[in-house]
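Written out below as structure tokens is the structure these notes cover.
The values are calculated or read from the model by the stated rules, or taken from the named source; none is laboratory data. What you are looking at is a predicted structure, and each value in this text was computed from that prediction instead of being measured. Backbone-built Cβ (ideal geometry, glycine too); neighbour counts: all protein chains shown. These area figures cover heavy atoms from the full protein model, side chains too; ligands, DNA and RNA do not enter into them. Shrake-Rupley method; radii C 1.70, N 1.55, O 1.52, S 1.80 Å.
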Amino acid sequence: MNHFERRRGELHCEDVPLARIAEEVGSPTYVYSTATLVRHARVFQDALTGLDALACYAVKASGNLALLSLLRKQGMGFDIVSGGELFRALRAGADAKTIVFSGVGKQRHELAAALEAGILQFNCESEEELLQLSQVAVALKKKAPVALRVNPQVDAKTHPYIATALATSKFGVPAQRIRDAYGLAASLPGLEVVGLACHIGSQIGEVKPFVQAAGKMRALFETLCRDGHDLRHLDLGGGLGVPYGDGKTPAAPDVYGRALARELAGLDARILLEPGRLVVANAGLLLTRVLLKKRSAGKRTFVVVDAGMNDLMRPALYQAHHELEPVARPRTRIERVDVVGPVCESADVLAKARRIPHLLSGELVAIRTAGAYGMSMASNYNARPRPAEVLVSGKTYKVVRERETLEDLVRGERL
Ligand SMILES: *Cc1c(COP(=O)(O)O)cnc(C)c1O
């Protein structure tokens with residue numbers, strides 16, 4: 001559920017007409033709903049009742065400080081994958097003791113910053129990373145709380161770019177080597193072994209891969225405890241999918257939560273989860289304006305909008321489907337069009353051969369379910385300033401990130 005609805009035919013975010021935001025802030029602009037974010041955070045956390053759980057929001061899904069601050073106030077921790085995301089989370093007021101640090105390649109200065117901050121857990125993904133983290137910790141006279149990310153080798157049945165638990169994946173330590181890797185971690189002077197972690201992929205629609213992974217992880221957790229490791233945290237990652245309007249309906253959070261609770265019943269561990277997409281995807285949309293329409297020789301109709309693949313990369317990168325609709329009252333006449341951006345790439349297509357209500361130049365379009373992996377993946381390709389971000393709350397809204405300026409585009413450059 002989300003709070004983007006039509007009133008008298010016109011699309012609103014909560015009580016604010018999107019047309020007003022476009023008029024005052026310009027386009028393209030990402031618009032997020034506070035009520036939807038709060039609701040999603042609650043629904044996810046409620047789904048975990050029965051587990052001693054901490055939900056650590058995956059900052060990479062959408063890292064605006066205002067969003068992070070809101071989610072922190074809803075009791076969420078954070079899953080970070082870089083020193084930059086550590087900086088964001090701390091700047092948003094996060095308690096370091098709610099932060100887990102994931103990722104296959106962490107730089108020494110990033111490890112040091114996280115050690116200085118005193119984060120909850122480092123999710124290490126290789127034997128070599130353990131050695132490096134231990135060295136950094138010893139130099140700082142600290143002990144790094146460590147979990148190893150294991151690759152549980154379950155097929156998450158998702159897009160190959162976001163499947164992470166196959167045998168060919170770069171992520172995690174292979175299950176066959178995990179006990180030896182824990183032996184190594186326990187022997188290193190700068191480390192304190194505290195947990196076990198996995199993350200099997202993203203936009204996963206079925207509960208089954210999560211249940212399979214939880215079962216394998218539980219068994220491994222118990223084996224490692226028998227090996228003498230004092231494990232306290234079992235981190236099962238993120239990955240639960242959201243409906244993008246393409247006909248597929250992913251499992252609901254409460255079904256997911258109940259299945260996990262059943263699989264993990266009686267396990268003496270704090271359960272960490274790392275939801276990203278689920279929290280923000282439907283809480284945000286990308287507001288864009290039609291620049292012009294044109295016809296190709298092949299009789300295709302193109303609607304050229306002012307948002308491109310640099311603003312929303314998912315369609316180009318994952319062939320992802322995003323629903324889009326006029327902001328004004330939709331006309332009854334339906335047209336089959338390709339909605340494209342201005343970027344000089346044939347991949348810059350936001351919707352292909354889509355049947356949508358007739359649109360005219362100058363009209364506003366809402367690209368739905370763009371809150372996750374939208375702004376966080378935006379770039380300056382084609383020297384395009386990145387969009388503004390707006391957070392709506394009831395009758396009011398705030399620009400929580402200003403649109404980039406031309407000066408921003410050349411910041412740090414020298415002639
Ligand atoms: C991307 C990522 C997540 C979040 O995945 P979602 O599909 O957005 O829930 C969680 N954990 C790790 C380690 C990730 O890389």
Open item on the list: Just to check your reading of the model, which residue among Lys97, Lys73 is open to solvent by 40 Å² or more (accessible area, probe 1.4 Å), away from the ligand (no atom under 16 Å from the Cβ) and touching a Leu at 6+ places or on another chain (Cβ under 6 Å)?
Closed with: Lys97
TODO: Could you look through the stretch 180-200, keep only residues that are touching a helix residue (DSSP H, G or I) at 6+ places or on another chain (Cβ under 7 Å) and not hydrophobic (A, V, I, L, M, F, W, C), and pick out the one that is farthest from Gly241 (Cα to Cα)?
DONE: Pro189
Task: Residues within the stretch 137-179 that are among the basic types (Lys, Arg), open to solvent by less than 40 Å² (accessible area, probe 1.4 Å) and in contact with a helix residue (DSSP H, G or I) (Cβ under 9 Å, 6 or more places away or on another chain), tallied - done: 0
- [ ] Tell me, please, whether a residue that is of a type in the set (Phe, Trp, Tyr) and not assigned by TED's automatic domain parsing to the domain that holds Ala252 can be found in the stretch 110-123.
- [x] no
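Matching residues to (1) modelled with pLDDT under 95; (2) closer than 16 Å to Glu274 by Cα; (3) part of a loop (DSSP other than H, G, I, E, B); (4) hydroxyl-bearing (Ser, Thr, Tyr):
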| site | (1), (2), (3), (4) |
| --- | --- |
| Phe122 | no, yes, no, no |
| Arg149 | no, yes, no, no |
| Asp155 | yes, no, yes, no |
| Thr158 | yes, no, yes, yes |
| Tyr161 | yes, no, no, yes |
| Ala167 | yes, no, yes, no |
| Phe171 | yes, yes, yes, no |
| Gly195 | no, yes, no, no |
| Gly215 | no, no, no, no |
- [ ] Considering every residue within the stretch 83-94, establish whether at least one is crowded, with 19+ Cβ neighbours inside 10 Å, within 16 Å of the ligand (Cβ to nearest atom), in contact (Cβ under 8 Å) with a residue 60 or more places away in the chain and not assigned by TED's automatic domain parsing to the domain that holds Ser202.
- [x] no
Task: Residue count, the stretch 113-136 (criterion: open to solvent by 20 Å² or more (accessible area, probe 1.4 Å) and under 20 Å from Ser187 (Cα atoms)) - done: 6
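Yes/no per residue for (1) away from the ligand (no atom under 15 Å from the Cβ); (2) out of contact with any Leu (no Cβ under 6 Å at 6 or more places or on another chain); (3) open to solvent by 40 Å² or more (accessible area, probe 1.4 Å):
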site	(1), (2), (3)
Thr36	yes, yes, no
Val43	no, yes, yes
Val59	no, yes, no
Gly63	no, yes, no
Gly77	no, no, no
Task: Qualifying position, being of a type outside the set (D, E, K, R), part of a loop (DSSP other than H, G, I, E, B) and out of contact with any Lys or Arg (no Cβ under 7 Å at 6 or more places or on another chain), among Ala261, Ala251 - done: Ala251
Open item on the list: Tell me the residue from Lys293, Lys299 that is outside any helix (DSSP H, G or I), modelled with pLDDT of 95 or more, surrounded by fewer than 19 Cβ atoms within 10 Å (Cβ to Cβ) and not acidic (Asp, Glu), please.
Closed with: Lys293
Open item on the list: Being open to solvent by 10 Å² or more (accessible area, probe 1.4 Å), in contact (Cβ under 8 Å) with a residue 60 or more places away in the chain and not small (Gly, Ala, Ser) narrows it down to one residue among Val16, Val25; which is it?
Closed with: Val25
TODO: Kindly check whether there is at least one residue in the stretch 213-231 that is buried (at least 18 other Cβ atoms within 10 Å of the Cβ), within 16 Å of the ligand (Cβ to nearest atom) and under 24 Å from Val43 (Cα atoms).
DONE: yes
Open item on the list: Could you go through the stretch 348-361 and let me know if any residue there is open to solvent by 20 Å² or more (accessible area, probe 1.4 Å), within 16 Å of the ligand (Cβ to nearest atom), not in a loop (DSSP other than H, G, I, E, B) and not assigned by TED's automatic domain parsing to the domain that holds Ser202.
Closed with: no
